[in-house]
Amino acid sequence: MRLPGQLRSPRAAALYSLCMAKNVLPVSEAKAASGFGSLIARAREGTEMIVENGAKPVAVLHRAEPTVRRLSESLQLAREHASTATLEEDFANKVEAAIASYAEALNPPQWD
């Protein structure tokens, strides 16, 4: 597998690092074909791979089930990427109301 920055200019490598998530790896078509089993294992662990023909992306390999991200993780990613997105004024109130509407009473089973 080619790591970010290999066979690329320093500027392109820096741009790649800013734009791509840390768990996304570029993989050549040849490496993907010869080591598909290991790519599947990495996908199960959460790594996303971009299969490339030269510098052109041709496929994306990632695990099938959706990745759930906590709000705190999303906000942290936004900060790391200097996002200019803003939340509604009453966003926190809406989140609390949504949580309260789905809250269930905890009734643990009684053991003998």
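Every read-out reported here was derived from the displayed coordinates using simple, explicitly stated rules and does not represent laboratory data. What you see is a predicted model; the values in this text were computed from it and never measured. Please note: Cβ atoms are built from the backbone with ideal geometry, for glycine as well, and neighbour counts cover all protein chains shown.
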Could you compute the net charge surrounding SER38? Neighbours are other residues with a C-beta less than 12 Å from the C-beta of SER38; K and R count +1, D and E count -1. +2
Amide H of LEU25: which non-local residues (sequence gap of 5 or more, or other chain) have their own amide H closer than 5 Å, using H built in the peptide plane? GLU48, MET49, ILE50
